[in-house]
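Every number in this text was worked out from the coordinates using simple rules, so none of it is lab data. Not measured: the values here are computed from a predicted model. Cβ placement follows ideal geometry from the backbone for every residue including glycine, while neighbour counts extend to all protein chains displayed.
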Amino acid sequence: MTTLTRREALLGAAAMAAAATGASPARAATAPAFHRVQVGALEVFVVNDGSVTRPDATRGFVTNVPTEQVAGAMQSAGLQGTALESPYNVTILRTPRGLVMFDAGTGGLSGPNTGTGPANMRAAGLDPAQVTLIVHTHFHGDHINGLTTNEGVANFPNAQIMVPEREWSFWNDAGEESRATEFRRPGFALVRRRFAPYQGRVTTYGPGAQVAPGVTAVTTPGHSPGHTSLLIADGNAQLLVLGDAVHAPQLFLPNPDWVPIFDMDANQAVETRRRLLDRLATDRIPVVGYHFPMPATGRVERAGTGYRLVAGA
Ligand SMILES: [Zn+2]
C-alpha cells in the first residue's frame, strides 16, 4: 500500500503547491535547527533536516479512516486547515569515540525545504566527519538518502553502519523485489545505491541487540518489515528513538489504530504501535520522533482512548 514512489508523488505535490503560491512554510523557517537533550550523562542532539508540508493531510495520508474524521483530529490537535507540516529529525548521540547518528537524513531529496541536517549539525557543533556510527531504524528513502551524495559518494566517510537484520534481508531479497508492486519496487534499487559506498562497513543487528554503549534495539515492525526503534539509556535515564513507529504525533498518538500510508504492513504496525505506546506510557519513557515537530521530544501519556505527547519532557 505504501510506497516510496507514492511518497515522492505526495512530496512533489507539496513542493509544487509551495512553489505555486510562492509561500515558504513559515514554521520551517522558524523551527529550531537543533535541540539538545541530556540522557543521564549522555549528550543527545535532535537535528532538524527540514520539513515538507502536506497540503491536505485529510486525503490519502491516513488510509483507514474517512476524511472528515482526520479533519476532526487535526482540529482537536489545534491545527488550522488541512495542511500538515511533516518534519525530518535526525537524532545524534555524542560519545567519546565519535558521533552515533540514528538514520541518515533526507539528503535534501524529500522536498525543497529538506536537507538542512548537515548545516544544522555544524550549528550544533557536530561535524559530519566525526560520525563514526549510523544506526538505521529502517530503509525508507527519507531515512537513507542522506547516506550519499547524488553521485553516490559517502557523506559520512568515517562511519560504520548498523542496520536491522530483517530490514537488510528484505530489501536485499531478489524474490521480494520481483514480487513488489511497481510502486514499492524502486525502493530496492535505492537501498543498493545508498549502501554501496559503505560496502564492508555494514553490520546487521537483531532485536534486543546492544548496537553501541547505552543503545539497545527495540523491534517495532510494521512500518517496514524490519523497522526497529533504539533505546538510549544511562542508569534510569532513557530516550527512545522511535523512528517511524509513530508518524505524525498529532494524528497517530490520539489514534494508534490509524494507519499512515507509509506503514507497509498495516495490521502489524497497529499492533506494534499499541504495544509500544502502552509500554512508553506505563514506564514513562521519553521519546524522540523522526517526524515530530521540533523539539520532537516528549513523554507519552494516556489520553482518552489513545495517547498524547507532553512535549519536551
Ligand atoms: Zn520516515
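At-a-glance table
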quantity: Computed over the chain: relative contact order in percent, which uses C-alpha pairs under 8 Å that are six or more apart; calculated: 18 percent
quantity: Virtual paramagnetic centre 7 Å along Cα→Cβ of R97, amide N under 13 Å, in the stretch 161-198; calculated: 161
quantity: The stretch 4-241: radius of gyration over Cα atoms, expressed as a fraction of 2.2 N^0.38 Å; calculated: 1.03
quantity: Total charge dipole magnitude, the chain, about the Cα centre, Cβ charges on Lys, Arg, Asp, Glu only, Debye to nearest 20; calculated: 280 debye
quantity: Two-site label geometry, R179 and A281: point separation in nm, points 7 Å out along Cα→Cβ; calculated: 3.6 nm
quantity: Mean Cβ neighbour count within 10 Å, used as a protection proxy, ranking 164-175, 33-44 highest first; calculated: 164-175, 33-44
quantity: The stretch 84-177: relative contact order as a whole-number percent, Cα under 8 Å and 6+ apart; calculated: 27 percent
quantity: Stretchable slack from L109 to A196, in nm (0.36 nm times residue separation minus alpha-carbon distance); calculated: 29.5 nm
quantity: Peptides 306-312, 150-156 ordered by average Cβ neighbours within 10 Å, highest first; calculated: 306-312, 150-156
quantity: Extension gain from D127 to T203, taking 0.36 nm per residue of separation minus the Cα-Cα distance; calculated: 25.1 nm
quantity: Among 239-249, 179-189, 78-88, the order from most to least packed when residues are scored by Cβ within 10 Å on average; calculated: 239-249, 78-88, 179-189
